[in-house]
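Heads up: the structure comes next, in structure tokens.
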């Protein structure tokens, strides 16, 4: 019984990799580390999701996409998606595949470390140069900042690091 | 503590949640009115993003209230008259003369000072909520603080740059400080239910949060060559008790216009 349960969960996770961030189609919600738990009871699936940024307008879209995607599976009759705040989502939950997907989209993955003064550094996602400047802490979406690479002269975005520290 | 709450504790918790939600809600609204009017395009992106985050925070506090049996978040945000709102009066004040529909003459110095003062106050409260007896608030506070880190960095940068720019800029900033501090009296108050709120260990007393606020503020003032003399304040009108200004009515009429026509409208 226990084994069946985990197999079903695995299958759901595999399927959920098809659900992308609506604004970054190279990264799935699984790779973003948004999934906190999955419960499968017979034909009902219940998922707990961690919102990345609280005011993010993509959240209801993600919820709808999860429901539609899982309902495509023959053995799923109902899907429930709940947003939970515990534990708080942090940018270190993004997987290696997620970090690669961000770069493919032209977004530098969130840096893993903060400097002592709370600032941080990323490399250019195009030419890997470290010779970059921060143009705006805030960007086109809540989770991104705008930077400029002085080596390859491209503007680019970086995913903001968020940490509980 | 949610399962073992007495009626009084529950009422105190709801009171606090509405104060927090109402503060962020009206703050986000006034911030959003700046859209397209900020000093330059990068600032437009930044302050719009901050308003969006803050609206997200308001929704979360309203949803926590909803879980305790209050009407749904959308109704809490749109349908309550001014006398039922608990926000600080500082946050409801108009951005300046005129309206974004006509010829606005908004005051950027006022916006920077108000936003910084609110962000410091909010930070102090969120840090206190990390140890709140109501556990759902602990996680929410951590989440808010992560985002607030960037808001604080942003408004601090503007505040310090403008204060240290030209003589004219300094004068404008000093005048903005006067206008902001005149309305700051209720910001760190909890109103009539303070005793119950503090007794239930939901958040630290207003005395404690005021001390922490001053410590945070002093550290910033040392960078702009100012002492605390300009930053004193006293309580005259208490938004926590529903005592508001006409500016709040104006804001509610605008932001709830669609809701009043059709409460079920899909955006």
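Kirkwood analysis of chain A, using all unique Cα-Cα pairs, places the hydrodynamic radius at 17.0 Å. Our Cα-only numbers for the stretch B:2-261 put the radius of gyration and Dmax at 17.8, 58 Å. Mean projected area of the Cα convex hull of the stretch A:102-159, taken over all directions, amounts to 3.8 nm². Relative contact order of chain A, taken over Cα pairs closer than 8 Å and 6 or more residues apart, is 18 percent. As a calculated quantity, the FRET efficiency between residue B:246 and residue A:74 at R0 = 56 Å, using C-beta atoms, amounts to about 0.40.
Model label sites at residue B:218 and residue B:133, defined 7 Å from Cα along the beta-carbon direction, differ in position by 3.1 nm.
Counting other beta carbons within 10 Å of each Cβ, put A:92, B:227, B:24, B:44 in order, fewest first.
On the way: A:92 12, B:227 9, B:24 28, B:44 16.
Going from least to most buried by this count: B:227, A:92, B:44, B:24.
Jot down the per residue volume, in cubic angstrom and as a whole number, of the convex hull over the alpha-carbon atoms of the protein assembly as shown. Mind dumping the intermediate values first?
Numbers: hull volume 71.0 nm³, N = 432.
Enclosed volume per residue, from the Cα hull, is 164 Å³.
As a calculated quantity, the FRET efficiency between residue B:225 and residue A:121 at R0 = 30 Å, using C-beta atoms, amounts to about 0.45. Ranked by how many other Cβ atoms sit within 10 Å of their own Cβ, fewest first, the residues B:113, A:132 fall in the order A:132, B:113.
Within 10 Å of the Cβ of each residue in B:142-149, the mean number of Cβ atoms contributed by other protein chains is 6.
For A:113, A:131, what's the fewest-to-most ordering of other Cβ within 10 Å of each Cβ?
Numbers: A:113 8, A:131 12.
If I rank by nearby Cβ atoms, fewest first, I get A:113, A:131.
Histogrammed with a bin width of 5 Å, the alpha carbon distances of the stretch B:34-110 distribute as 3, 13, 16, 20, 19, 15, 9, 4, 1 percent, first bin at zero.
The numbers here are math on the coordinates, done by the rules we state, and not lab data. Small disclaimer: the values here were computed from a predicted structure and weren't measured. So basically every Cβ, Gly included, is an ideal-geometry build from the backbone, and we count neighbours across all protein chains shown.
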